[in-house]
Each structure stands twice: as C-alpha cells, then as structure tokens.
Amino acid sequence: MFEKVLIANRGEIAVRILRACHEMGIQTVAVHSTADAEAMHVRLAGESVCIGPPSVRDSYLNMCAILSAATISNADAIHPGYGFLSENAEFAAMVEEHGFTFIGPSSDHIKLMGDKIAAKQAALEVGLPCVPGSAGGVPNLEAACVSAKEIGYPVLVKAASGGGGRGMKQAWDEAELRKVFDQARGEALSAFGDDTVYMEKYLDKPRHIEVQVMADMHGNVIHLGERDCSLQRRHQKVLEEAPSPALNAEQRANIGEVVRSSIAKLGYRSAGTVEFLYENGEFFFIEMNTRLQVEHPVTEAITGLDLVREMIRIAAGRPLSITQDELRIEGHAIECRINAEDPQTFAPCPGKIGDYHAPGGLGVRVDSAMYSGYSVPPYYDSLIAKLIVHGANRNECLLRLKRSLDEYVIDGIKTTIPLHRRIVLEPQFIDGEYDIHWLEKLLAEDEPS
Amino acid sequence: MADDSSSTKVDADLIRTLAALLDETGLGEIEYSEGDWHVRVAAPQATTTVSAAPTITAAALAAAPAAETAADHPGAVRSPMVGVAYTASDPDSPSFVKVGDTVAEGDTLLLIEAMKVFNPITAPKAGTVTRVLVANGDPVEYGEPLVIVE
C-alpha cells in the first residue's frame, strides 16, 4: 500500500480524499494556490505545498508544479479528484513516467473516452446502447424517410457541420419530416456552408441516468447501481438521487449488467461512470467519465462502499474488496449541491462565511471544506458543500432531506440552499416525475413575462 | 520536523514484539500508535516504517512566524515555482552568492530545479545579499522567500 498520497485538487473533494487516506493510514500531501493557503484541505493534510498563484492555469492545472510537489514531498501516488487534471490523459501519463502511481484509469482509457466520436464507437463495439441514427449523411428526402422509419419517430434532422443546438429540426411523423427536411438542409447550408444532414432519434423528455462501475487490475468489474441526475440547470447537475425513481429492480439489474460486461470488455480499471439518456424504458449512451464523480456519495450511501478507498486499493494492485453478488443496494439517497450563488440569478457569490452550522443526525452527511470565518475565493468552482441524506426508502429520505436543509446555516454569502428547500416541496419532484428539462421549466415560471 | 527527534527514536523492542505478532497471527500488516507517532510493520516485504504522525499544524505553526517576516521583507526574492533549490551550479563550485555579497541586477542568486530543468533565479535589482533563506538541496514552494537583497 502507498505510504504517502498527493491530492492534486482543492475544496471538498480534496478533503474527501484525504479522509479516506487517513483512515487507511496513508500520509497526505495537499497542494494549493496562494489563494488557498488557509483552506481546509491544507489544514487537514499531513503536509502541504504551495504550487502557484490563484489562477488555476498556474496552480491546479500546472502539471509541472504538481509533479515537482510530489517529488519534493516524496509522495508515491497522486489522486486527481474530479475536474482539473482528472481527465487529462497527458497528466496521467506524465505521473506514471515520473514513477508515481496515478490513482485512476490508464491514460489510454482517459484519452479514448475524452474523444466523443471514438468514445461512441468504442461504446457500440462493447455493446452499450447508443442513440440510433443514420450511418452518415442522408442525401435526399426519400433516403431520410427510409432512415426515419428504421430509427422510429420522432427524429431529429441535424446539420453534419452544426453544433451548439443550431441546425436541428425535429419531426414527429413522415408528413412533418417532408416539411422540415429541405428547410433543415437550407439552414445547414446558410449557417455552416454545408448542406449535409444526418438523422438521429429525438428524445423529447429524457432523464439523465448514469451507472457507477468499479474495476480492478485483475479483471474484476462490478456495477454499483445507477444515479438519477436529471435535475439540471444549463447542463450542470443540481441534485442527484439513487436509486432512480424511474427504474424498477429488473431494469436496474439489466442496465447494470450491460454496463458491467461492457466495461469488462474495455479492460478498464478504477472508478468510472457511464452516462445515459433514458426515455420510455430505453437507455442511450452519452459519455463515460473516467474519474470519481461529484455525486459519488449517493452511491456510497446506498452501497456502504467507500469509493475513494476502493480506488486507492485498486491503484495499489489490490483486488476489489467486494463481488457483485455481495453488493447490496439499501435504501435511498439524495445529494444536494450547494453552491456559493444567488439562488435566483445564479450569480456567483464568493466572500467570507460568518456563522456556519452543518446539519447532522442519522443518515446525514456533509462533504465540505467550509468553516466559520473561511473566505470563499472568487477564482474557483462555486460548489462549496454537498449535503447527502440517506433513508430506508425515498419517502424517509425526502423528509430527512427537508429537515436537514432547514437546519443548514451558512451566513455571510448567498447559497443555493433556498433553491433546494423549494425543490423538495415540489409535488412533481416528490413523485419522482421529472426529466432533464423540469428544473429549467420550473425556474422559467419565476421570470417576468 | 526539528521538534520530533525524541518521538522518532526507534523502539526496537516494540517492533520486535509487533513483528513476532505478525508471524504468530499471519496478519499482513500491524499499525500501532501512541501519542504523536505511529509504527507500521508489514509482511511479506517486511518493511518497517516509523514516521511522525501528521501533526497537522505543529511544524507549520512553528515555521510560520519566521517565514512570514522574511516574506514581508521588501527585498525578498521569492521562488517562482515549486522545486528544489541549489545554491551552487554543482557540488564542487562555490555558492552563487553568500551573505554580504554585492549583486547587480540580473545576477544569478540560485537555481530551482523543477522537472529536471534548472531555472536560474536572478536578482531583481542591484544590492547587498543580507540573508540566504534556503540551503543547498532544500525543497521550496511557490512564493517562498529565498534570498533577501537590500
């Protein structure tokens, strides 16, 4: 096992990782920018190294500085956390070249999944369900109608050179397709100088459901069930829960096994998450995240497994500490991401924290690097805390979450706690009836028309 | 780590006892801690480590006041990167500078090695070296004061 691990991150995730290390008897090295000299991850780590000025490019993204810090502190492994360098294949390769262990997957897998086209190709090859579509461009209306029939309506006509949501037309039946097809080509030509269009299945009200996997170097792969991350704003997850209210036990076991066997075929190691859009009982691969996720604690809550500990063990060459048959999913868990933002405008709100009181009690976990008197710096992500609540069932979990949110006090700055207090009272959320557009629709209702 | 010379003294009897326990029980690893130190005895590589426990702030607190006064000094030359400081170009050469030397702007004060590259740290202005705050081979952090030129 490792003697000393350097944590190449900051904030709540750096604290999360050093907690796992200390429980395993592993010494820790925190790295920090000058802006984070007083940060909790620096205060809790065994040693700390200042690696640069506040700008992330010169500190937390500075690969040379982080490797130098590992050298001078005699660390033997580096955990990248999430964000920053966690999905940087070059960094993972450099870490290994310098004789340290990268606590994560191989740089080849990071690279593969970082390339969206190669990732989809790899996903198809190992048997993950993808959004059905035409094999390439469709040359004319008749070809489009044939393709649409194969895919199944509704379909989306997309500009091959398009992006950012532009150059897309949806069609719910053939009559509509006949109407929009030439329009889509014309728009593609004028917007992108290329009238090549292709077809894809249109998902109207999908949910975002992702499956957590964990694989060791000995060919053992387990899935740890799914997380439902449909509550999003501008493609940013706001609240996550597990299990998904949309799946039954059979669907859960099915998709879990599909993912587990696919990841085994890839020869992947460490923690990973396969993200899907889910609609009408079908899953469609979006991407794979080759790292620990922000929302990993909901999976920890329902499985009782410490994912960071497991990642460290895997990197040290140990086998998975649990088999698929031994794994039990118990109860229900929800995580609220608490950001230093105005709960209405979502404008970032850095500043000094006054009184701070974190909720507690049975089934309540707060992952945060905050403390009373701490100044939230303006240079980094606005996520300042994660409240994770576990209950015997979804109803108990919701009641406990409401109670915990009411208890939480963060004075001095604006946070998104009021947004979460509102969400837990919404009847559709309570019923589990929501998709990836639900939260934005709810927020749009507030805006003066 | 100047404050823990007593705590890192190896207790040979304790380790022998733990090693015997390892053999007897067939365990892979035993960790034992008392006060601010801990011992880990592991098999089969039979590695033994004794280290001061991460006493979090003790060392940092002790070092902080001295470093801060140097860091506040207007003539402090700070490290632009994390790395290892070298006061001479090679072990046989004399130091680039010593206390009392007069330096011109641009004169090399020391080298910082990062990623196998030696980066010269030069005097930002002409003056007299009044303090050299690092020893040859010392690890340095970003922003750490290295030399004071007045």
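Taking label points 7 Å from Cα along the Cα-to-Cβ direction, A:T345 and A:D115 give a separation of 4.4 nm. The local environment of A:H41, defined by Cβ-Cβ distances under 11 Å, has a net charge of +1 under the rule Lys, Arg +1 and Asp, Glu -1.
For chain A, the longest principal axis of the C-alpha atoms and the axis of helix A:63-72 are separated by about 30°. Separation of segment A:364-442 and segment A:49-109, taken as the distance between their Cα centroids, equals 31 angstrom. Between A:P129, A:I209, A:H79, whose Cα lies farthest towards the positive end of the dipole of chain A when Lys and Arg beta carbons carry +1 and Asp and Glu beta carbons carry -1, centred on the Cα centre? Final value for the positive-end residue is A:H79.
Let me know the charge dipole size of the protein assembly as shown about its Cα centre in debye, to the nearest 20, where only the beta-carbon of Lys, Arg (+1) and Asp, Glu (-1) is charged. Walk me through the numbers on the way to the answer.
Values: 52 positive and 85 negative charges, 140 e Å.
Computed about the Cα centre, the dipole is about 680 debye.
Take the alpha carbon atoms of segment A:289-354, find their center, do the same for segment A:195-236, and report the distance between the two centers in whole angstrom. Computed from Cα coordinates, the inter-centre distance equals 16 Å.
Ballpark to the nearest 100 Å², how much total accessible area do A and B bury together, probe 1.4 Å? Walk me through the numbers on the way to the answer.
Details: alone 18910 and 9520 Å², together 26820 Å².
So the buried area, both faces added, is about 1600 Å².
The order of the peptides B:70-80, A:59-69, A:86-96 by mean Cβ neighbours within 10 Å, most packed first, is A:59-69, A:86-96, B:70-80.
Carbon-plus-sulfur fraction of the accessible area of the protein assembly as shown, 1.4 Å probe, in percent? It would help to have the intermediate numbers written out before the result.
Working: 13730 of 26820 Å².
Carbon with sulfur: 51 percent of the solvent-accessible area.
Considering only Cα-Cα distances, which of the following residue pairs are longer than 32 Å: A:K120/A:K149; A:K111/A:K201; A:K237/A:K265; A:K116/A:K205; A:K169/A:K402; A:K116/A:K352? Display every interim value, and only then the final one.
Details: A:K120/A:K149 23 Å; A:K111/A:K201 27 Å; A:K237/A:K265 29 Å; A:K116/A:K205 23 Å; A:K169/A:K402 41 Å; A:K116/A:K352 40 Å.
Long pairs (Cα-Cα over 32 Å): A:K169/A:K402; A:K116/A:K352.
In segment A:68-84, burial by the other protein chains removes 30 Å² or more of 1.4 Å probe accessible surface, compared with the chain on its own, from A:S68, A:I72.
Within a 10 angstrom radius of each residue's Cβ in A:48-55, how many Cβ atoms of other chains show up on average? Whole number is fine. List each step's numbers first, then the result.
Working: counts 3, 6, 7, 5, 6, 3, 0, 0.
If you average over the peptide's residues, the count of other-chain Cβ atoms is 4.
If you take all other residues with their beta carbon under 11 Å from the beta carbon of A:T345, and give Lys and Arg +1 and Asp and Glu -1, the sum is -3.
Just checking the output field for A:37-43: average partner chain Cβ neighbours within 10 Å of each residue's Cβ? Spell out each step's value before the answer.
Working: counts 1, 0, 0, 0, 0, 3, 3.
Per-residue shielding by partner chains comes out at 1.
Fully extending the segment from A:I430 to A:L141, taken as 0.36 nm per residue of separation minus the present Cα-Cα distance, adds 99.6 nm.
Over segment B:64-150, give the accessible area per residue in Å² for a 1.4 Å probe, as an integer. Could you put the intermediate results ahead of the total?
Details: 4490 Å² over 87 residues.
Per-residue value: 52 Å².
What you get for segment A:157-200, charging only the Cβ of Lys and Arg (+1) and of Asp and Glu (-1), is a dipole of about 100 debye around the Cα centre. Counting, for every residue in A:249-258, the Cβ atoms of other protein chains within 10 Å of its Cβ and taking the mean gives 0. The C-alpha atoms of chain A define a longest principal axis, and helix A:174-192 lies at about 60 degrees to it. Within the same chain, lysines fewer than 8 places from B:K125 are excluded, and of the rest, those with a Cα less than 23 Å from its Cα are B:K98.
When each of the peptides A:114-123, A:215-224 is scored by the mean number of other C-beta atoms lying within 10 Å of its residues, the order from highest to lowest reads A:215-224, A:114-123.
In chain A, Cα pairs under 8 Å separated by at least six residues give a relative contact order of 14 percent.
A Förster radius of 41 Å, combined with the Cβ-Cβ distance separating A:D182 from A:N395, puts the computed FRET efficiency at roughly 0.20. For A:H98 and A:R234, the difference between the fully extended length at 0.36 nm per residue and the C-alpha to C-alpha distance is 45.1 nm. When the Gaussian network model of chain A links Cα atoms closer than 10 Å, the mean-square fluctuations of A:Q27, A:Q324, A:Q183 top out at A:Q183.
The modelled label-to-label distance between A:H22 and A:K352, using points 7 Å beyond Cα along the C-beta direction, is 2.6 nm.
Computed from Cα positions, the angle between helix A:11-23 and the longest principal axis of chain A comes to roughly 60 degrees.
Under a model in which nothing but the beta-carbon of Lys, Arg (+1) and Asp, Glu (-1) is charged, segment A:284-366 shows a dipole of about 280 debye around its Cα centre. With the charge dipole of chain A set up from +1 on Lys and Arg Cβ and -1 on Asp and Glu Cβ about the Cα centre, the Cα lying farthest toward the positive end among the listed residues A:M113, A:Y379, A:L277 is that of A:Y379.
Any number yet on Rg/Rh for the protein assembly as shown, C-alpha, Kirkwood? Don't skip to the end; give the middle numbers.
Details: Rg = 27.9 Å, Rh = 27.2 Å.
We get a ratio of 1.02 for the protein assembly as shown.
Spin-label model, B:D138/A:V409: points 7 Å from Cα along the beta carbon direction are separated by 4.5 nm.
Taking only DSSP H segments of four or more residues, each worth -39500 (n - 2.57), what value at 222 nm results for chain A once the sum is divided by all its residues, to the nearest 500 deg cm²/dmol?
Details: 15 runs with 152 residues, N = 449.
The per-residue figure over chain A is -10000 deg cm²/dmol.
The values are calculated or read from the model by the stated rules, or taken from the named source; none is laboratory data. This structure is a prediction, so every number in the text was calculated from the model and none was measured. Ideal geometry is used to build each Cβ from the backbone, glycine not excepted, and the neighbour counts take in all protein chains shown. What goes into the accessible areas is simple: the full protein's heavy atoms, side chains included, and nothing from ligands, DNA or RNA. Shrake-Rupley method; radii C 1.70, N 1.55, O 1.52, S 1.80 Å.
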